[in-house]
Amino acid sequence: MCGIVGYIGSQNALPLLMDGLRRLEYRGYDSAGLAILQNNTIEVRRAVGKLVNLEKAFNGTPLPGAVGIGHTRWATHGKPSEQNAHPHRSGPLVLVHNGIIENYAALKARLQREGYRFESETDTEVVAHLIAQHLQAGAGLEKAVRRATQEVRGSYALAVLCEWEPHTLIGVRSGCPLVVGMSEHGAMLASDVTALLAHTRNVVFLEDGELVVLAPGGLVVKDTDGKPVTRAPIRIAWDATEAEKGGYPHFMLKEIHEQPRAIMVTMGGGAA
Ligand code: GLU
């Protein structure tokens, strides 16, 4: 389980993403990272350990930019290390991933034969290279993401940024949660609604196979065929702390009720 967050709008992305990651830290805390896009260039910072270490990586040199993605990791493939921390890069693009790519070994072997160099031990990095490969072949970012996800088996929620399309942030999910929302100043996505509540209470939960295109002024959810999906946003009435409690009066009760599902996920080896 990991937490992902993304923002594209008119405000400084860094504090906004850090706040989102703090809300998601319960989902993973062995390492964390951020990518910020500005002037068609993406800068990445990553750190092992808790979020406070990532904050230190920015000390004195905050990255400006109104577009970015962030990740807090609970490693499944590859030890907790700076190199294995997300975001992962391939050429002009970076991405963050929650989930497990089951056929990553075969894909990695193929991509290595085709000349791609891997910098991490993660399953995630294959997805970055697959998308880059489709981009190099002339597909736009949305199409490249769609084609890459058709090649992977497993579970994922992904957020993808590309230097060639600086006004677009793409999200896609299959088997892992992803929620999106529009605030007055931009569009956001996250693994959990608690990361959005400081900015908007009207959110859309993506369903499996759906892809979302976010831009500073709006967002479009699309189905597997690329057709726009019309779904009224859900209004979240809880505040962030209540949302973290998932409707239960206190955390202990939430944990008790979550035990059967947690056991099933553990025994089934699935990603939560
Ligand atoms: N499989 C990815 C990794 O190990 C993401 C982890 C997760 O979502 O649990 O980096």
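Within the bounds of the stretch 49-66, is there any residue that is near the ligand (Cβ under 10 Å from one of its atoms) and in contact with a Lys or Arg (Cβ under 8 Å, 6 or more places away or on another chain)?
Here is the first cut: in the stretch 49-66, the residues near the ligand (Cβ under 10 Å from one of its atoms) are none.
So far as the stretch 49-66 goes, no, none of its residues is near the ligand (Cβ under 10 Å from one of its atoms) and in contact with a Lys or Arg (Cβ under 8 Å, 6 or more places away or on another chain).
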Just the residues that are modelled with pLDDT under 95 and farther than 16 Å from ASP30 by Cβ, please, taken from the stretch 57-76. PHE58, ASN59, GLY60, THR61, PRO62, LEU63, PRO64
Could you please find all residues in the stretch 1-20 being over 17 Å from VAL180 (Cβ atoms) and surrounded by 22 or more Cβ atoms within 10 Å (Cβ to Cβ)? CYS2
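Please state which one of LYS108, LYS143, LYS79 is within 10 Å of the ligand (Cβ to nearest atom), open to solvent by 30 Å² or more (accessible area, probe 1.4 Å) and at pLDDT 95 or above. Outline the logic, then answer.
Values: LYS108 fails: within 10 Å of the ligand (Cβ to nearest atom); LYS143 fails: within 10 Å of the ligand (Cβ to nearest atom).
Result: LYS79 is the single residue among LYS108, LYS143, LYS79 that is within 10 Å of the ligand (Cβ to nearest atom), open to solvent by 30 Å² or more (accessible area, probe 1.4 Å) and at pLDDT 95 or above.
The values are calculated or read from the model by the stated rules, or taken from the named source; none is laboratory data. Everything numeric here is computed off the predicted structure, so don't read it as measured data. Neighbour counts are summed over all protein chains in view; Cβ atoms, including those assigned to glycine, are modelled from backbone coordinates with ideal geometry. Ligands, DNA and RNA are excluded from the accessible area calculation, which covers all protein heavy atoms including side chains. Shrake-Rupley method; radii C 1.70, N 1.55, O 1.52, S 1.80 Å.
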